[in-house]
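Bear in mind that the values in this text are calculations on the coordinates, not laboratory data. Here the structure is a predicted model, which is why all the values come from computation and not from measurement. Cβ placement follows ideal geometry from the backbone for every residue including glycine, while neighbour counts extend to all protein chains displayed.
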């Protein structure tokens with residue numbers, strides 16, 4: 001197993017620790033969860049960078065990297081719903097978009113078509129991660145700023161999730177057409 005794949009696996013291994021500390025619910029534990037999430041996000045950047053620059057791209061990495069990202073983000077949002085920080089309807093939109101895009105990619109792959117991630121999808125991912133970090137770091141700034149920064153970032157990410165999903169379907173609708 002190469003270094004890039006080890007970094008990807010480390011991100012998956014961090015998920016239970018992230019969930020554990022987040023669900024404790026006190027300020028210190030939430031900050032620890034935020035630190036774990038930030039570390040996991042950094043490994044996401046480096047595993048892809050290392051795989052591309054050192055020619056370490058593998059089938060395992062192509063499968064596990066996006067799965068690890070989705071598991072980490074969805075785990076955070078489901079925990080935030082349980083902690084009554086965000087509404088479940090928004091998380092349903094996020095999970096639905098991820099399922100739709102994954103199924104589209106699987107259908108395309110079965111026809112030998114590779115669908116690259118679009119810029120809206122990249123913005124969606126970035127705003128999701130930033131919103132999760134903002135929620136986890138709220139104990140540091142929440143008393144000083146009387147403004148729901150994390151929640152607004154979350155709603156922006158939800159809007160971008162919906163928009164990128166619609167764009168993805170429109171751009172790739174040919175995948176569903178019969179030949």
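Stretching residue 82 away from residue 170 to a fully extended chain increases their span by 28.4 nm, per 0.36 nm per residue minus the current alpha-carbon distance.
Please give the Cα centre distance for region 110-133 versus region 5-24, rounded to the nearest Å. Taking the Cα centre of region 5-24 as reference, the centre of region 110-133 is 21 Å away. Here the label points at residue 149 and residue 163, each 7 Å from Cα along the C-beta direction, are separated by 2.2 nm in the simple model.
Axis angle, to the nearest 10 degrees, between helix 149-171 and the longest C-alpha principal axis of the chain: 10 degrees. Angle of helix 27-53 to the longest C-alpha principal axis of the chain, folded into 0 to 90 degrees and rounded to 10: 30°.
Computed log10 I(q)/I(0) for the chain at 0.08, 0.14, 0.20 Å⁻¹: -0.27, -0.80, -1.39, from the Debye equation with unit scatterers placed on every C-alpha and solvent omitted. Ranked by the mean number of other Cβ atoms within 10 Å of their residues, highest first, the peptides 82-91, 147-156 fall in the order 147-156, 82-91. If you plug the beta carbon distance of residue 53 and residue 109 into 1/(1 + (r/R0)^6) with R0 = 35 Å, you get a FRET efficiency near 0.90.
Relative to the longest principal axis of the Cα atoms of the chain, helix 88-110 runs at roughly 20 degrees.
Only helical DSSP H runs with n ≥ 4 go in: add -39500 (n - 2.57) per run for the chain, normalise by residue count and round the 222 nm mean residue ellipticity to 500 deg cm²/dmol.
Details: 7 runs with 141 residues, N = 179.
Dividing the helical sum by the residues of the chain leaves -27000 deg cm²/dmol.
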